[in-house]
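The values are calculated or read from the model by the stated rules, or taken from the named source; none is laboratory data. Values in this document were obtained by computation on a predicted structure and should not be read as measured data. Neighbour counts run over all protein chains shown; Cβ positions are idealised from the backbone, glycine included.
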Amino acid sequence: MSDRKFLYMDKDRTRLRDAIKKRRYRAIGKLKLSEKSKKARAIRMREYNRRPEVLEKQRIYRMVKAAIKSGALVKSPCECGATNVHAHHDDYSRPLDVRWLCPRCHAIAHGRSPRYGMPQYEHAIQ
């Protein structure tokens, strides 16, 4: 009786060991794919960040951040009353002329929200 028990335990151990090996190989395969996709994404982002219009926007963002830090620009609440605000540029040729919009109104201003036509957020659409 005890010999049979050990025989079953050995079979269970080998099954368990095989299952663990399969999981490891699958995980390694996924890891390799994700590393490839990470490298591809990094290359795409590097190419994107080298575009002149993107470099100009980044320069303007840094200007706004420096102006806030120095006190030249002061954050004000959004027109809807929210205090957590983002700087929104209607025209990038005037870098320090910003509208302070909450994240929801900022998304609406860029046309990314399903609440686009709601009257309480009409101030974001201009």
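Points worth noting:
- Some residue of region 27-37 being closer than 30 Å to Val98 by Cα, out of contact with any Cys (no Cβ under 7 Å at 6 or more places or on another chain) and either of a type in the set (D, E, K, R) or at pLDDT 65 or above (or both): no
- Options Tyr92, Tyr116, Tyr61: the member that is assigned to a loop (DSSP other than H, G, I, E, B), modelled with pLDDT of 85 or more and aromatic (Phe, Trp, Tyr): Tyr92
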